[in-house]
Amino acid sequence: MKEQHVNLGEIAASATGREGTIWTLEASRDLNANLVRFGAGAGVGEHVNYDVDVLIVSVSGVGLVGEEGEEHDLANGDAVFVPRGSTRYTRAVSGDFAYLSVHRRRGPLRIGG
């Protein structure tokens, strides 16, 4: 049976010392959802995503999402919509920043470990 319910906060809390993608939704053929975690100062460097719109939702800690020259502070439960074609980056402010990245399926996300 495919997993229908997960506690992302517990997954993030149990990933101490790990960075990058720590959980991926496997059950959907249409949707990519990845839980990504970074320590203070780390994150995904500036890049342009030409393929898909992305919703980024903070799960734990404090971080930043840069999008088209603006910085958005994220704490638990905050969300930022990043349209395709936008320049973006993420950076952890606290040592336990974890966020969910959700978009239309295009292939696996490959960030860190």
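Some observations on this one:
- Residues in segment 33-42 that are crowded, with 16+ Cβ neighbours inside 10 Å and either more than 19 Å from G9 (Cα to Cα) or not polar (S, T, N, Q) (or both): A33, L35, V36, R37, F38, G39, A42.
- In the condition set (1) surrounded by fewer than 18 Cβ atoms within 10 Å (Cβ to Cβ); (2) under 16 Å from T21 (Cα atoms), V62 is compliant with all but (2).
- Restricting segment 73-86 to residues that are of a type outside the set (A, V, I, L, M) and within 14 Å of the chain's Cα centre (by Cα), the residue that is surrounded by the most Cβ atoms within 10 Å (Cβ to Cβ) is D78.
- Only one of G17, G9, G45 that is surrounded by fewer than 16 Cβ atoms within 10 Å (Cβ to Cβ) and modelled with pLDDT of 95 or more: G45
- Which numbered condition R37 misses (of (1) at pLDDT 95 or above; (2) more than 13 Å from Y99 (Cβ to Cβ)): (2)
Let's see how each residue does on (1) in contact with a Pro (Cβ under 7 Å, 6 or more places away or on another chain); (2) part of a strand (DSSP E or B); (3) of a type outside the set (D, E):
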position: D51; (1), (2), (3): no, no, no
position: V57; (1), (2), (3): no, yes, yes
position: G66; (1), (2), (3): no, yes, yes
position: E71; (1), (2), (3): no, yes, no
position: G77; (1), (2), (3): no, no, yes
position: R84; (1), (2), (3): no, no, yes
position: Y99; (1), (2), (3): no, yes, yes
position: H103; (1), (2), (3): no, yes, yes
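- Considering Y99, Y89, the condition of being of a type in the set (S, T, Y), surrounded by fewer than 18 Cβ atoms within 10 Å (Cβ to Cβ) and modelled with pLDDT of 95 or more is satisfied by Y89 alone.
Conditions tested, residue by residue: (1) touching a residue at least 60 places away in the same chain (Cβ under 8 Å); (2) on the phi > 0 side of the Ramachandran plot.
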{"position": "G41", "(1), (2)": "no, yes"}
{"position": "Y50", "(1), (2)": "no, no"}
{"position": "I56", "(1), (2)": "no, no"}
{"position": "L64", "(1), (2)": "no, no"}
{"position": "G69", "(1), (2)": "no, yes"}
{"position": "L74", "(1), (2)": "no, no"}
{"position": "R84", "(1), (2)": "no, no"}
{"position": "G95", "(1), (2)": "no, no"}
{"position": "L100", "(1), (2)": "yes, no"}
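The values are calculated or read from the model by the stated rules, or taken from the named source; none is laboratory data. Everything numeric in this text was worked out from a predicted model, so none of it was measured. For neighbour counting, all protein chains shown are included, and Cβ atoms are generated from backbone atoms with ideal geometry for every residue, glycine included.
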